[in-house]
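Have a look at the structure below before the remarks.
Read-outs throughout are calculated quantities, based only on the coordinates presented, and are distinct from any laboratory measurement. This structure is a prediction, so every number in the text was calculated from the model and none was measured. Note that we place each Cβ from the backbone using ideal geometry, even for glycine, and neighbour counts take in every protein chain shown.
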Amino acid sequence: MDENAVVEDSILFDGVQVGAGVHLKRCIVDKNVLIPSGERIGFDATADAERFAVSESCITIVPKDYRFQNQ
């Protein structure tokens, strides 16, 4: 995890890489996901739901091996 990243109340599985300036809040990130620099996940449930599953309690779930569009 990059030292400038902020991860709050989240679970990161093995093989997760977190880039510079990433902010994660109330997320579960499954195995082998590279989160690119500058991503913000867990702050806008509507926007998150366009890409990921979001639970009723607003926990964002990034699935195993997910690839971001800008990768």
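For the range 11-34, the set of residues classified as farther than 15 Å from SER55 by Cα and in contact with a Gly (Cβ under 6 Å, 6 or more places away or on another chain) consists of GLY21, LEU24, LYS31, ASN32, listed by residue number.
Could you pull out every one of the strands (runs of 3 or more DSSP E) wholly within the chain that has 3 or more residues that are in contact (Cβ under 8 Å) with a residue 24 or more places away in the chain and surrounded by 14 or more Cβ atoms within 10 Å (Cβ to Cβ)? Walk me through it before giving the result.
Working: elements: 6-8, 23-25, 27-29, 60-62.
Those strands (runs of 3 or more DSSP E) span 27-29, 60-62.
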